[in-house]
Structure formats: C-alpha cells, structure tokens
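The values are calculated or read from the model by the stated rules, or taken from the named source; none is laboratory data. Predicted model only: the values in this text are computed from it and were never measured. Neighbour counts run over all protein chains shown; Cβ positions are idealised from the backbone, glycine included. Ligands, DNA and RNA are stripped out before the accessible areas are found, and what is left, the full protein with its side chains, is counted by its heavy atoms. Shrake-Rupley method; radii C 1.70, N 1.55, O 1.52, S 1.80 Å.
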Amino acid sequence: MEYKFILSFAAVLTVCSLMVVRQAQLKQMQRVELREAFILLHTRGYKEEAQRLYNRLLRDMEQSTNRELFDDFQRTLILVDPTTQHPENLIWKYHWTVSNELDRRAESTLQRAHEIAAKK
C-alpha cells in the first residue's frame, strides 16, 4: 500500500513535469512561427498583415525570454543592414526594438548584480 502511493505520486509528478516541458516547447515554437510569418508577409509585400504580426510581437516582448529575443535579434540581423536606418521597414524596426530591449535588460541585470555585490 505504501509503495502504491509513492509510485502514484511519482507517476503524477512525472506526467506534470512532461506537460510543463511540452507547454514551454509549444510556446517557443509558436513564437518562432509568429516571427517567421511576420518576416514572410513583410518580404512578400503584405503590409497590413505584417503590421498586425509586428504589433503582436511587440505586445508579447515583455513576456519573452532573453534567449527568445536573442534568437529574434540574430534572425533579423541577417535581413537588415544595422549600419543604416530604414524606419519604414518593419523588419528593421523590429530588429532595433529587440536590440534596445536586450540592452535594457542587460542594464537591469548589471544593476541588480551591483546591488547584490553591495550588500554586506
């Protein structure tokens, strides 16, 4: 009887862990799909639909992990020239928005590290 409870608990814990991992993978796949759909629509000239996806990407940026944003940064870097400004190009705008967000997060992480170091 005692072992049945332990085994049942272990089985439930394993299933829940697998569900959490699967949900995280699904969220990441949906984000990549959204980004790639945005790029495809923009490059094919579907400006209105690309604008909607651009807005969704911006709206979801706060909940995105640093890794997801870095992936977006790398993906868009190969599509734009970062040395020249093209504010009419949504991919260029998204690239610079992601870049600025990564810089902002790096600053807050560095500031937090200084605060931790200052504590006695």
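Considering (1) over 15 Å from Ile39 (Cβ atoms); (2) at pLDDT 90 or above; (3) open to solvent by 80 Å² or more (accessible area, probe 1.4 Å), the lone condition that Arg56 does not fulfil carries the number (1). Per the listing Glu101, Glu115, the residue uniquely charged (D, E, K, R), without any contact (Cβ under 8 Å) to a residue 12 or more places away in the chain, open to solvent by less than 90 Å² (accessible area, probe 1.4 Å) and part of a helix (DSSP H, G or I) is Glu115. Looking for something at pLDDT below 95, open to solvent by 60 Å² or more (accessible area, probe 1.4 Å), of a type in the set (A, V, I, L, M, F, W, C) and in a helix (DSSP H, G or I) - is there at least one such residue anywhere in region 65-72? Yes: one or more hits. Inside region 15-47, can you point out the residues that are at pLDDT 90 or above, open to solvent by less than 100 Å² (accessible area, probe 1.4 Å) and part of a helix (DSSP H, G or I)? Result: Arg31, Val32, Leu34, Arg35, Glu36, Ala37, Phe38, Ile39, Leu40, Leu41, His42, Thr43. Would you point out the residue of region 1-14, among those that are open to solvent by 70 Å² or more (accessible area, probe 1.4 Å) and not aliphatic (A, V, I, L, M), that is modelled with the highest pLDDT? That would be Thr14.
Glu62 meets each of the listed conditions (1) of a type in the set (Asp, Glu); (2) in contact with a helix residue (DSSP H, G or I) (Cβ under 9 Å, 6 or more places away or on another chain); (3) part of a loop (DSSP other than H, G, I, E, B); (4) exposed (fewer than 10 other Cβ atoms within 10 Å of the Cβ) apart from (3).
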